[in-house]
Amino acid sequence: MKIRTMAHRTAEIERNTSETEIRISLDLDGEGKGVFDTGVPFLDHMLDQVARHGLIDLEVRARGDLHIDAHHTVEDIGITLGQAVERAVGDKKGIRRYGNAYVPLDEALSRVVVDFSGRPGLSYGVEFPRARIGDFDVDLFQEFFRGFVNHAKVTLHIDNLKGQNAHHVAETVFKAFGRALRMAMEPDTRMQGIIPSTKGTL
Ligand SMILES: [Mn+2]
């Protein structure tokens, strides 16, 4: 059996609006190295989980209208990350397409399931035990993931199954998201050159 060594799948996206300026570069076949400078420290911490557990080299820089609140910045980073993943994953030939992960952290447990279906869809079953983590508004996570699915064109099911500590809940969601992405985007050695759909396109 011959395992094809894939060229690294990379993308670089710059997205500027009157509300935010965002630059993301990533390598889906990386080592999980991250550089984060978004002005929203808790989001930086979560993006670091995605990089580390997704084995994605990820650089995210953002300047947003944080004097209003973090809403535009968090949502637009989700959008831009989705655009970068969509571009880097390309024609999806030879990928697994589906990925899933359960991740625990102490009392918390979350499950994320992703399908590179070509159709945006988010099912979000996460209720946080409190409204804020530090000064981060937990409502913004859903905006992040909605922005992501709309532009990565994936179906994404996120469920928190257990958890009392909001920081733990968030961390299990983002670690599972990184792990599920990694599984779905990884080359399947038996799928070489094949698009994993009976339609022949994704
Ligand atoms: Mn943490």
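Overview of results
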read-out	value
Scattering profile of segment 132-202 at q = 0.14, 0.18 Å⁻¹ [log10 I(q)/I(0), Debye over alpha-carbon scatterers]	-0.59, -0.84
Along each principal axis, Cα extent of the chain, largest first, Å	52, 39, 29
Rounded percent of accessible protein surface that carbon and sulfur make up, segment 2-191, 1.4 Å probe	45 percent
Subset of K93/K175; K92/K199; K153/K175; K175/K199 violating a 23 Å alpha-carbon distance limit	K93/K175; K175/K199
Debye log10 I(q)/I(0) for segment 113-154, one point scatterer per Cα, at q = 0.18, 0.34 Å⁻¹	-0.56, -1.16
Per residue solvent-accessible surface (Å²) - segment 108-202, probe of 1.4 Å	45 Å²
Directionally averaged projected area (convex hull, Cα atoms, segment 31-138), nm²	8.0 nm²
Within-15-Å neighbourhood charge of V103 [Cβ basis; K, R +1; D, E -1]	+1
Percent RCO, i.e. relative contact order, over the chain, from Cα pairs under 8 Å lying at least 6 residues apart	26 percent
Sequence of T73, T17 when ordered by accessible area, the most exposed leading, probe 1.4 angstrom	T17, T73
Per DSSP, loop GluC sites (Glu not before Pro) in segment 57-109 with at most 10 further Cβ within 10 Å	none
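The values are calculated or read from the model by the stated rules, or taken from the named source; none is laboratory data. The structure presented is a predicted model; accordingly, all values stated were derived computationally and were not measured. Heads up, the Cβs are rebuilt from the backbone with ideal geometry, glycines too, and the neighbour counts pull from every protein chain shown. The protein model used for the area step is the full one, side chains on, heavy atoms only, and it has no ligands, DNA or RNA in it. Shrake-Rupley method; radii C 1.70, N 1.55, O 1.52, S 1.80 Å.
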